[in-house]
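Report on one structure; see the data block that follows.
The values are calculated or read from the model by the stated rules, or taken from the named source; none is laboratory data. As the structure is a prediction and not an experimental result, all values here were calculated from the model. Note: ideal-geometry Cβ built from the backbone for every residue, glycine included; neighbour counts use all protein chains shown. These area figures cover heavy atoms from the full protein model, side chains too; ligands, DNA and RNA do not enter into them. Shrake-Rupley method; radii C 1.70, N 1.55, O 1.52, S 1.80 Å.
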Amino acid sequence: MNDQARPRGARRPRPHKPYRRPVKDPVRILAFDALRAVDERDAYANLVLPPLLRAAREKDDFDDRDAALATELVYGTLRRQGTYDAIIAACVDRPLREVDPPVLDVLALGAHQLLGTRIPTHAAVSASVELARVVLGDGRAKFVNAVLRKIARDDLDTWIERVAPPYDEDPEDHLAVVHSHPRWVVSALWDALGGPRAGIEELLAADNERPEVTLVARPGRSTAEELLEPESAEPGRWSPYAVRMTDGGEPGAVDAVREGRAGVQDEGSQLVAIALAGAPVEGPDTRWLDGCAGPGGKAALLAALAAERGAALLAAEKQPHRAGLVGRALAGNPGPYQVITADGTRPPWRPGVFDRVLVDVPCSGLGALRRRPEARWRRRPEDMEGFAPLQRALLREALKAVRVGGVVGYATCSPHLAETRIVVDDVLRGRGGAPVEAEWIDARPLMPGVPALGDGPDVQLWPHVHGTDAMYLALLRRTG
């Protein structure tokens, strides 16, 4: 029908728009796949992301800039998930629990690009909508487009002012939204710090910063000086074996790391091993035990330090696959060592046969939220009750394993009081079991040069103070 024949008032037919295939963006698809793995399989991003990046590089889809962007999108989204969820909730017409998780992942990725990066607004929205078309379909892509356009109207500070309760009315909930931590974690960290403000905001902010890659030179096999060869490398702050890769470089490109003569290890973990090795013991010093050795970082450093003194390390790990990781970490150690699969709560060794014992017990991991940001959303307050019996049992057996005059190091990558000093106090006082004859050793002098170690005798390290994971260490000498 031509225009002359069209009835008066009739509408012109809309021109048919040809179907346009969504543009596949390999960087954002990879980031989405990583987030889905974290959500669906309870995977950790630091384990999921590297193989995804390697596969992308092998297909020639990625260069270094692509890998850096994908890494930022994954970790940035996970770190600020709580903040972004609060903002997204203000922009949708239903509770977040009624939004499909894959849609929430795309929205959170888009929110991070809009509010947490320098990506231009139009590019952040369009790239996120294209991602939604690829992984969700056109219908839900329209929903993503509508929500992200609402988010794009304001910057992060404006949104936080809108969605976070005032500090004076509810300080814990305010900090939870502003710094993207569950409220119960804010409360637990605040208790561990002590005091009315006591650096809580600085600690929460530090949990959201990207940690430096820190290397450890294994004594007798490499030196810190060797690891300093790259221009971007700098000496560690506290450990004589530590080197920091300030540009976030690839550890595998370092010869000593690739050959197993050095490794990747947070400086706080290094300090724990060094302090245990330096604690004074009465009598012989030839048999050392790492009772919870997986995945092997502390065991490798302890084995190297033991070898320098002619001592031997027994590294025990309950999980067979983690025992395999310990074996690989210790391979090539210059002194005698043995790796076994064993449960430290039902040990195969006789009591009182070791001079030094380390138990780095399983815990909530709240001290390593910089590296595993998803752990803050995965843990629940009731998890502390689940870890408590195991932590106490491991410490009791460690104290039985050491001889009189020998030293036990109780370590955990958590500052939560229920996993640190309370555990040690309960074991020493016999709560839940027979009392153990042991005394505290002041651990602070065994970390020379490290400031702000508190009143002792135990030590709590902090990301915002020491630049390390929030490692805890108590040193105990068996007295009877």
Name every residue in the stretch 31-45 that is in contact (Cβ under 8 Å) with a residue 40 or more places away in the chain, out of contact with any Ser or Thr (no Cβ under 7 Å at 6 or more places or on another chain) and either closer than 23 Å to R118 by Cβ or surrounded by 14 or more Cβ atoms within 10 Å (Cβ to Cβ) (or both), in order of residue number.
A31, F32, A34, R36, V38, D39, Y44, A45
Quickly run through the stretch 46-58 and pick out the residues that are out of contact with any Ser or Thr (no Cβ under 9 Å at 6 or more places or on another chain) and open to solvent by less than 30 Å² (accessible area, probe 1.4 Å).
V48, A56
Hey, can you tell me all the residues within the stretch 157-170 that are free of Cβ contacts under 8 Å to residues at least 60 places away in the same chain and either closer than 20 Å to V106 by Cα or in a helix (DSSP H, G or I) (or both)?
D157, T158, E161
Which residue pairs have Cβ atoms closer than 7 Å, lie 6 or more positions apart in sequence or on different chains, and pair a first residue in the stretch 279-294 that is closer than 16 Å to Q338 by Cβ and without any contact (Cβ under 8 Å) to a residue 60 or more places away in the chain with a second residue that is part of a loop (DSSP other than H, G, I, E, B) and open to solvent by 10 Å² or more (accessible area, probe 1.4 Å)?
G294/Q319
Reported set for the stretch 456-467 where residues are open to solvent by 20 Å² or more (accessible area, probe 1.4 Å) and assigned to a strand (DSSP E or B) is Q460
Failed item, numbered, when D61 is tested on (1) part of a helix (DSSP H, G or I); (2) touching a helix residue (DSSP H, G or I) at 6+ places or on another chain (Cβ under 8 Å)
(1)
Among residues of the stretch 111-131 being within 21 Å of N208 (Cα to Cα) and touching a Phe, Trp or Tyr at 6+ places or on another chain (Cβ under 9 Å), the residue surrounded by the fewest Cβ atoms within 10 Å (Cβ to Cβ) is G116
Go through the stretch 310-361 residue by residue and tally those that are outside any helix (DSSP H, G or I), within 30 Å of E282 (Cβ to Cβ) and either of a type outside the set (D, E, K, R) or at pLDDT below 95 (or both).
29
Take the conditions open to solvent by less than 70 Å² (accessible area, probe 1.4 Å) and more than 24 Å from R380 (Cβ to Cβ) and apply them to R149. Does it pass?
no
So the helices (runs of 4 or more DSSP H) completely within the stretch 362-450 holding 3 or more residues that are surrounded by 18 or more Cβ atoms within 10 Å (Cβ to Cβ) and either β-branched (V, I, T) or without any contact (Cβ under 8 Å) to a residue 40 or more places away in the chain (or both) are 383-401, 421-429
Matching residues, the stretch 152-164, being open to solvent by 30 Å² or more (accessible area, probe 1.4 Å) and either touching a strand residue (DSSP E or B) at 6+ places or on another chain (Cβ under 7 Å) or not polar (S, T, N, Q) (or both):
A152, R153, D154, D155, L156, D157, E161, R162, V163
Would you be able to tell me the number of residues in the stretch 301-340 that are open to solvent by 50 Å² or more (accessible area, probe 1.4 Å), free of Cβ contacts under 8 Å to residues at least 60 places away in the same chain and within 25 Å of the chain's Cα centre (by Cα)?
6
Starting from the stretch 192-221, keep only residues that are closer than 30 Å to R258 by Cα, then list their pairs with residues that are acidic (D, E) and surrounded by fewer than 19 Cβ atoms within 10 Å (Cβ to Cβ) whose Cβ atoms are within a distance under 6 Å, requiring at least 6 positions of separation or different chains.
P219/E308
For the structure I just gave you, tell me whether L228 is of a type outside the set (S, T, Y), in contact with a strand residue (DSSP E or B) (Cβ under 8 Å, 6 or more places away or on another chain) and farther than 20 Å from L314 by Cβ.
yes
What do you reckon, is A470 in a loop (DSSP other than H, G, I, E, B) and surrounded by 13 or more Cβ atoms within 10 Å (Cβ to Cβ)?
yes
Among A86, A108, A90, the single one that is open to solvent by less than 40 Å² (accessible area, probe 1.4 Å), closer than 20 Å to T158 by Cβ and either basic (K, R) or over 22 Å from the mean Cα position of the chain (by Cα) (or both) is A86
